[in-house]
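Structure, as structure tokens:
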Amino acid sequence: MSALLEVRNISRSFRTTLAVNDVSFSVREGELVGLMGPNGAGKSTLFNLIAGVLPPSAGEIVYDGRTVTGWKAHDMARVGIARTFQIPKPYRQLSVIENVMLSAFLREKSIVGARKVAAATLDDVGLADFAESPASSLTVGLLKRLEVARALAMRPKLVLFDEIMAGLTPTEVGSMTSFVAQLPSRGITVIWVEHVLYAIMKTATRMIVINRGKQIAEGTPAMMARDPAVVKAYLGEEIAIA
Ligand SMILES: Nc1ncnc2c1ncn2[C@@H]1O[C@H](COP(=O)(O)OP(=O)(O)OP(=O)(O)O)[C@@H](O)[C@H]1O
Ligand SMILES: [Mg+2]
């Protein structure tokens, strides 16, 4: 199967910080790829580059056979790339369903159509009971689900999840893990950044590991747990790679 996404020698610097340094990888349709690395490794920056939130300083991004380097976020969304933000930023004064409708409008022209897609998406992520609640009333766990719903309501082909487990209870982690695991079977390819490693390593078909902006390893979760460079990068952090 040909690659859905190809990242070629991509870099991004912020003044003196080289946040992403010459990273290359590809993702095939239907994969669930885990992207891991310690704090400050460059994971969110990489997502910002792929989603068009930031332009790369160098390198190329090819999506679905098209060079999309430098495209803006709304153009990336239109061709099928959606992302969640590490820190959820809902429109707090709007209701939960209204927040999701704003995403649904990417592909739906009418209010009725957008409401239908939003309601189905809320049902999907287990937020149907909170549809009319103000977004500001949600707990951390529910806010993460809202973030996932906002991305999925865009009907993406490729979704980038940035730490959707942070702050969740063990039960919430379990249900979110099962939810993410079934997305590829629905035609949604996933790249997933997560510090809750046991969840991602159980689910991902392949892992990519970056440290200090550089890709240091790639392979199955089991291979990563044994890779000396990966273990070294995580030394001193309280993370169980198992
Ligand atoms: N907008 C910015 N301006 C300046 N420096 C930035 C900016 N965004 C990220 N950086 C820096 O780039 C590096 C990579 O940050 P990034 O947020 O991508 O890491 P991360 O792997 O997502 O970390 P975490 O696991 O803590 O979320 C860090 O040194 C960070 O301080
Ligand atoms: Mg991050």
Enumerate lysine pairs in the range 109-242 that are 8 or more residues apart or on different chains, then count those whose Cα atoms are under 29 Å apart. 12
I need to check one value: relative contact order of the range 114-156, counting alpha carbon pairs closer than 8 Å and at least 6 residues apart, in percent. 50 percent
Can you tell me the FRET efficiency between residue 171 and residue 29 if r is taken as the Cβ-Cβ distance and R0 is 30 Å, rounded to the nearest 0.05? 0.45
If you plug each phi of the range 87-102 into the Karplus form 6.51 cos²θ - 1.76 cosθ + 1.60 with θ = phi - 60°, what whole-Hz ³J(HN,Hα) values come out, in order, with x for Gly and Pro? 9, x, 10, x, 6, 5, 7, 8, 6, 4, 5, 5, 4, 6, 4, 4
Contact order normalised by residue count of the chain, Cα under 8 Å, 6+ apart, percent: 24 percent
Step through the residues of the range 188-199 one at a time and calculate ³J(HN,Hα) from phi using the Karplus curve (6.51 cos²θ - 1.76 cosθ + 1.60, θ = phi - 60°), rounding each to whole Hz and writing x for Gly and Pro. 10, 7, 10, 10, 10, 9, 7, 8, 7, 5, 5, 5
Charge dipole magnitude, Cβ of K and R +1, D and E -1 - the range 1-143, Cα centre, debye nearest 20: 440 debye
In whole angstrom, how far apart do the alpha carbon centroids of the range 189-223 and the range 9-24 sit? 19 Å
Residues whose built amide H sits under 5 Å from the amide H of residue 94, excluding neighbours closer than 5 in sequence, are 135
Taking alpha-carbon centroids only, the range 99-167 lies from the range 40-82 a number of Å equal to 22 Å
What residue among 56, 213, 174 has its Cα farthest toward the positive end of the dipole of the chain, where the charges are +1 on Lys, Arg and -1 on Asp, Glu, each on the Cβ? 56
For a quick check, take a GNM of the chain with Cα springs below 10 Å and name the residue from 11, 95, 175 with the largest mean-square fluctuation. 175
Restricting to Cα pairs below 8 Å that are 6+ residues apart, what does the relative contact order work out to for the range 57-165? Please round to a whole percent. 37 percent
In whole percent, the Cα-Cα distances of the chain spread across 5 Å bins from 0 upward as 1, 7, 14, 18, 19, 17, 12, 8, 3, 1, 0
Return the long-range amide H neighbours of residue 35 (sequence gap of 5 or more, or a different chain), with a cut-off of under 5 Å between placed amide H atoms. 192, 193, 194, 208
Could you go through the range 164-176 in sequence order and give the Karplus-derived ³J(HN,Hα) for each residue, using 6.51 cos²θ - 1.76 cosθ + 1.60 with θ = phi - 60°, rounded to whole Hz, and x for Gly and Pro? 7, 9, 4, x, 8, 6, x, 5, 5, 4, x, 6, 5
Placing +1 on each Lys and Arg Cβ and -1 on each Asp and Glu Cβ in the range 35-93, then taking the dipole about the Cα centre, the residue among 81, 44, 91 whose Cα reaches farthest towards the positive end is 91
Once amide H atoms are built 1.01 Å from N in the peptide plane, which residues 5 or more positions from residue 20, or in another chain, come under 5 Å H to H? 12
If you place +1 on the Cβ of every Lys and Arg and -1 on the Cβ of every Asp and Glu, how big does the dipole about the Cα centre of the range 20-97 come out, in debye to the nearest 20? 380 debye
For the range 17-149, go through all pairs of different Cα atoms, get the mean of 1/r, take its inverse, and jot down that Kirkwood value in Å. 16.5 Å
Per its Cα gyration tensor (rounded if a/c is under 1.5, else prolate when a/b beats b/c, else oblate), the range 125-220 is best filed as prolate
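Taking the Cα centre as origin and putting +1 on Lys and Arg beta-carbons and -1 on Asp and Glu beta-carbons, what dipole magnitude results for the chain, to the nearest 20 debye? Display every interim value, and only then the final one.
On the way: 27 positive and 22 negative charges, 104 e Å.
That gives the chain a dipole magnitude of about 500 debye.
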Based on the mean of other beta carbon atoms within 10 Å per residue, what is the order of 208-217, 122-131, most packed first? 208-217, 122-131
The farthest towards the positive end of the charge dipole of the range 1-140, of the residues 32, 103, 9, given +1 on Cβ of Lys and Arg and -1 on Cβ of Asp and Glu, is 9
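Any read-out appearing in this document is the output of simple, stated calculations on the displayed coordinates, not a laboratory observation. Quantities reported herein were computed from a predicted structural model and do not represent experimental measurements. FYI the Cβ positions are ideal-geometry reconstructions off the backbone, even for glycines, and counts take in every protein chain you see.
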